[in-house]
Amino acid sequence: MDQIIVQILNGLDKGSAYALIALGLTIIFGTLGVVNFAHGALFMMGAFCAVVTSKILSASHKVVDPTRTDFLGNPMQVDTFYVQDFFGMAAGQAIMDWAVPIAILFAIPVMILVGFAMERGLIKHFYKRPHADQILVTFGLALVIGELIKYFFGANPIQTPAPPAFTGSLDFGVFLGYEANTIMYPYWRLIYFFFSAIIIAAVFAFLQFTTFGMVVRAGMADRETVGLLGIDIDKRFTFMFGLAAAVAGLAGVMYAPIVAPNYSMGLDFLVLSFVVVVVGGMGSLPGAVAAGFLLGILESFASMPVMVDLLPGINQIIIYLVAIVILLTRPRGLMGRKGVMED
Amino acid sequence: MLGLTKKDSTLLLVVFGLVMLAPFILNPFPEGSAMAQFNAGYPDLMQRFLIFGIFAIGFNLLFGLTGYLSFGHAAFLGVGSYAAIWSMKLVTLNVIPGILLAIAIAGAFSLLVGFVSLRRSGIYFSILTLAFAQMSYALAYSVLTPITGGETGLQIKNTDNPLFGALNPGEIGRANLFGLEMNSSFELNVGNWLFTFNLGYYIAAVFMLIAFYMSIRIFRSPFGMMLRAVKSNQQRMNYTGLTPKRYTLSAFVISGMYAGLAGGLMVAMDTQVGPERMFWTASGEVVIMTILGGAGTLMGPVLGAGFIKYLENIVSKINKDILHEWFAFLPDGLEDVLVTMVYPFVGKGWHLTMGILFMLVVIFLPGGLVEGGQRMAKLFRRNKAADAQDAASKPAE
């Protein structure tokens, strides 16, 4: 039993990342009807927002400290961080430690702007072209973004640690009456799960309970009629693209401490999140979220030693296998709507 | 000629000429000159041009004609490669049986994958093929290690003793064609130029020409017409009483066999295989090649394959020193600015150039380089025609 709980917990953080990316992909597909292969790149850009923020916050300059000398007897030069100049030693250190959460504030406007630029600059011109063209052009964009990141940040993963307050693990088993140290779960992963649950809830609440969201949902159901009612639906859809980009970006920011960001993480996640979207059902938001968590948890179950002994290699292929089975038995995915990408 | 129209025969002859004379054409710069690094006429790269040309021609038969975008074609190439290397390890070091086996196995595998994937279309089809390819990759990498050699892949070792090998104990077998080794070449020195005529290259050339000829025949056949019908309107095809699936599945298998042929040839030229050959980025590469050259055209995929492989092997070698050498004639400040501006796009940054070019082609030239060429030719012709008309309409004085 404790093994099962461990696997469910392990699946949650990866599942949350899948769910967030898939949610953004589905928003874009549901509103604009565009298959966005560059969504993994947006996730990666989010992760690099965290990298950039932590670099900016730890910018330093050298100050000559007359009270200390180095081994040659000259006055020693000490690296001084600008944030510590501004906010004092302790507060400055705290700000640097909390770079990743602070990056959220930085990432939201950046990612929304990136989303606007992408939609207005490129994707707008592809609404009337076939889906294959949309896939190809966004695939090209994903390659270009990946290469740009590689040019500026190098090919190696960049470690971006979580705040020291969240290092270490939570002894989860104790809550359930197990002995100490049976079920350990890193704090940051727990936070990642709650964070993504909040974001998902916020997106759904936004769509469900605001007028803006209502209009967007109406536009998803019947774009033309909404347009005829005198609503500038295109503008709202552009905003939704920005929102989807921000969701992917936030997923990336918070994921940076779990997996050190590098330029190919976007493409790695893209393939899996597409599988997630298709399993959940093209155009269905709850489907995308459910499939994200489902596949994340299934993946971690399949990596249990028992399963790997039983069916060697199952941990590598489980997601694809599930996708194939679901697509063949339930062509619309788990919760797909009728009439979406049927042909 | 060979059942082709006059225009197609000319095309085939041109391609034949280009392929046969490639060692000359691709080596325009003398040895030791500053431009010599742009010579693509060395066997290794020329073989790649042909092999990826075959791969792209096959992909184009599926994507260009039926519009089904497969994101997992590299799996067939990989399966073909594994089949070929096992034939060489166990049966004979002659490449022909290996290549034939590669085609057969890749065909069988693509029949299986196609039968399942073609039940859906559009993005679902792309995802299904991608899923199959990633599964093959993951399995080849881990569980199937006894067959695939896992991460290290397979090579011909000195312990291998093929059935018809006649090797001395401890001798490492080499791929050959009835005793002629694949890497044997004839070198021709003319002045400062060195031309290499490599046996492996010409074997690949023969296969490529056959593949190209078959692709012309398929394009012009009633079968090819049906495939185009699948792309333009499947529903109408259904109403007419035809079964689209039969045609798409045939196209899928044919294109899988092309990929198998490419994989077999790869092993024949360089006797080793690794699972990374099946990774989805490899599938993405053939998509890029085909689109860049021009999907649905005869020459497009070949051009695209050549273009990408040239970028990968030649442009990627340009480094900062070489750039400084090129722009040395400029004033120092300007030189540095230019070098800094160009540098991200060459050398290790060639992927960036490729990505940008690919995007530009998809956005502005959906027909690829071939369409670009046609448009230029048209513009040129129209100008001429317009001139002629102007001249004619002007009253004589």
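Quick grid of which residues meet (1) of a type in the set (Val, Ile, Thr); (2) within 14 Å of chain A (Cβ to nearest Cβ); (3) part of a helix (DSSP H, G or I):
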residue	(1), (2), (3)
B:Phe132	no, yes, yes
B:Asn158	no, no, no
B:Phe164	no, no, no
B:Ile172	yes, no, no
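Only residues that are touching a helix residue (DSSP H, G or I) at 6+ places or on another chain (Cβ under 8 Å), assigned to a helix (DSSP H, G or I) and closer than 20 Å to B:Gly150 by Cα were counted in segment A:303-320, giving 7. In segment A:292-310, the residues that are without any contact (Cβ under 8 Å) to a residue 24 or more places away in the chain form Cβ pairs under 8 Å with partners that are of a type in the set (Phe, Trp, Tyr), at six or more places apart or across chains, as follows: A:Met307/A:Phe301. Being touching a residue at least 40 places away in the same chain (Cβ under 8 Å), under 30 Å from B:Val15 (Cα atoms) and in contact with a Ser or Thr (Cβ under 6 Å, 6 or more places away or on another chain), is that true of even one residue in segment B:278-286? Within segment B:278-286, one or more residues are touching a residue at least 40 places away in the same chain (Cβ under 8 Å), under 30 Å from B:Val15 (Cα atoms) and in contact with a Ser or Thr (Cβ under 6 Å, 6 or more places away or on another chain).
The set of residues in segment A:128-153 that are more than 10 Å from chain B (Cβ to nearest Cβ) and either within 17 Å of B:Phe345 (Cβ to Cβ) or among the acidic types (Asp, Glu) (or both) contains only A:Ile149. Taking the conditions (1) in contact with a Gly (Cβ under 7 Å, 6 or more places away or on another chain); (2) surrounded by fewer than 18 Cβ atoms within 10 Å (Cβ to Cβ); (3) aliphatic (A, V, I, L, M) in turn, B:Ile147 satisfies each one other than (1). Restricting attention to segment A:42-75, the residues that are of a type in the set (Phe, Trp, Tyr) and touching a residue at least 12 places away in the same chain (Cβ under 8 Å) add up to 2. Please indicate, with yes or no, whether at least one residue in segment A:85-104 is outside any helix (DSSP H, G or I), more than 14 Å from chain B (Cβ to nearest Cβ) and not aliphatic (A, V, I, L, M). Yes.
When only residues in segment A:265-313 that are within 14 Å of the chain's Cα centre (by Cα) and small (Gly, Ala, Ser) count, which is surrounded by the fewest Cβ atoms within 10 Å (Cβ to Cβ)? Only one residue tops the list, namely A:Gly296. The C-beta contact set for segment B:111-124 (first residue part of a loop (DSSP other than H, G, I, E, B), second residue polar (S, T, N, Q), distance under 6 angstrom, 6+ apart or interchain) comprises B:Leu118/B:Thr248. You will find that of B:Ser121, B:Ser81, B:Ser126, the residue that is surrounded by 24 or more Cβ atoms within 10 Å (Cβ to Cβ) and within 13 Å of chain A (Cβ to nearest Cβ) is B:Ser126 and no other.
Within segment B:265-319, being surrounded by fewer than 20 Cβ atoms within 10 Å (Cβ to Cβ), more than 14 Å from chain A (Cβ to nearest Cβ) and among the charged types (D, E, K, R) holds for B:Asp270, B:Lys317.
Restricting attention to segment A:177-196, the residues that are surrounded by 15 or more Cβ atoms within 10 Å (Cβ to Cβ) and in a helix (DSSP H, G or I) total 9. Return yes or no: is A:Met265 free of Cβ contacts under 8 Å to residues at least 24 places away in the same chain and among the hydrophobic types (A, V, I, L, M, F, W, C)? Taking the combined requirement at face value, the residue does not satisfy it.
Taken together, the values in this text are just the output of simple stated rules run on the coordinates, not laboratory data. Here the structure is a predicted model, which means the values were calculated and not measured. Note that we place each Cβ from the backbone using ideal geometry, even for glycine, and neighbour counts take in every protein chain shown.
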